[in-house]
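The values are calculated or read from the model by the stated rules, or taken from the named source; none is laboratory data. Everything numeric here is computed off the predicted structure, so don't read it as measured data. So basically every Cβ, Gly included, is an ideal-geometry build from the backbone, and we count neighbours across all protein chains shown. Calculation scope for accessible area: heavy atoms of the full protein, side chains included, ligands and nucleic acids excluded. Shrake-Rupley method; radii C 1.70, N 1.55, O 1.52, S 1.80 Å.
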Amino acid sequence: MTQVSIVVPLYNEQENVARLCAATHEALAGMARPYEIVLVDDGSRDDTVAVAAAIARNDARVRLVVLARNSGQTAAMAAGMAHARGLYLVTMDGDLQNDPRDIPLLVDTLEKGYDLVAGWRMKRQDKLVTRKIPSRVANWLIGKITGIPIRDNGCSLKAYRASVMRHVPLYSEMHRFIPAMSSIAGARIVQVPVRHHARQFGQSKYGLSRIYKVLLDLIAIRLVIAYANRPLAWFLRMAVMPAVLAAAFTAGGIVRALGGEYSLPLFGSGLILALAVGFLVALGSLGELAKHFARGDVVPLVTASAKYSKAIQLSTDSKEQP
């Protein structure tokens, strides 16, 4: 039985795939746990698929999932996790900046009673202006807003219990906020220092253009964390002001009507605001129902990547590591 699944998203990494697999096998040679490497091609335009497919056909420990188009790192992670068979999931980048030698440490830390182990690149080998400074600002902001003091949310090298990740939805750029999303389910989280290397081959896929996406996702995460357990209370708060205005407009219309002057704008405004209040209350009620249904169901992680269902399996799944 596979115990550890290493999920590696790939996008135009033809020069790194073989080196990554070789380095991972070497690093895990002494790990007394059966493992698999799940390579996920995220719509690469070079020969990444051809190189990875050749490796998967000749190595039963390597599996390849190919997405039909470029969908982003979060989608690739979700697809890889959906196909993973291990009890523990480890994610890392495919550019060899993460070091596979840190994987046993992450897995051993999980077995100490944690649900998520986040890597912390203490000596990060990236450009100062375009990578390090924006990352430090983002990590500080994420920690303040989510309340989860992770020093390096952008580090892809993380380890998870698969049973926990089945309850964490992944979409947009949410892979950066997995610790915050996991905290909603009561996950026990810890961070450990890991190695980091400068990119040797290929080009970086990250830049300042992702900042606005991160900010939007951060707002969404804050709302989810704050109100996931009490959606009705949140919507009722939103309905307070429209309810007050609806009562005021309606009262004003009634006063004028009693004085012999019928005011359609006042009654109309009161009616529209009253309908808005009813709509918000209905949304809150639906949120409460969804929350209770979710507590009683086990949501497979594959649902988080359902729209990426065009992923195809190229390797043989029947063989297991001895």
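Observations on the model:
- Residue that is at pLDDT 75 or above, open to solvent by less than 10 Å² (accessible area, probe 1.4 Å) and within 18 Å of the chain's Cα centre (by Cα), where the choices are 164, 107, 117: 117
- Note on segment 1-59: residues that are part of a loop (DSSP other than H, G, I, E, B), among the acidic types (Asp, Glu) and in contact with a strand residue (DSSP E or B) (Cβ under 7 Å, 6 or more places away or on another chain) total 1.
- Being of a type in the set (S, T, N, Q) and over 15 Å from residue 9 (Cβ atoms) holds for only one residue in 98, 58, and it is 58.
- For residue 22, the criteria (1) closer than 26 Å to residue 75 by Cβ; (2) modelled with pLDDT of 95 or more; (3) of a type outside the set (Ser, Thr, Tyr) hold in every case but one, which is (1).
- Check on residue 55, at pLDDT 90 or above, among the hydrophobic types (A, V, I, L, M, F, W, C) and open to solvent by 20 Å² or more (accessible area, probe 1.4 Å): yes
- Yes/no for residue 300 being exposed (fewer than 11 other Cβ atoms within 10 Å of the Cβ), modelled with pLDDT under 90 and more than 24 Å from residue 236 (Cβ to Cβ): no
- Scope segment 2-12; condition open to solvent by 10 Å² or more (accessible area, probe 1.4 Å) and at negative phi; matching residues: 3, 9, 11
Residue-by-condition table, conditions (1) open to solvent by 20 Å² or more (accessible area, probe 1.4 Å); (2) within 17 Å of the chain's Cα centre (by Cα):
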| site | (1), (2) |
| --- | --- |
| 16 | no, no |
| 20 | no, no |
| 27 | yes, no |
| 39 | no, no |
| 48 | no, no |
| 75 | no, yes |
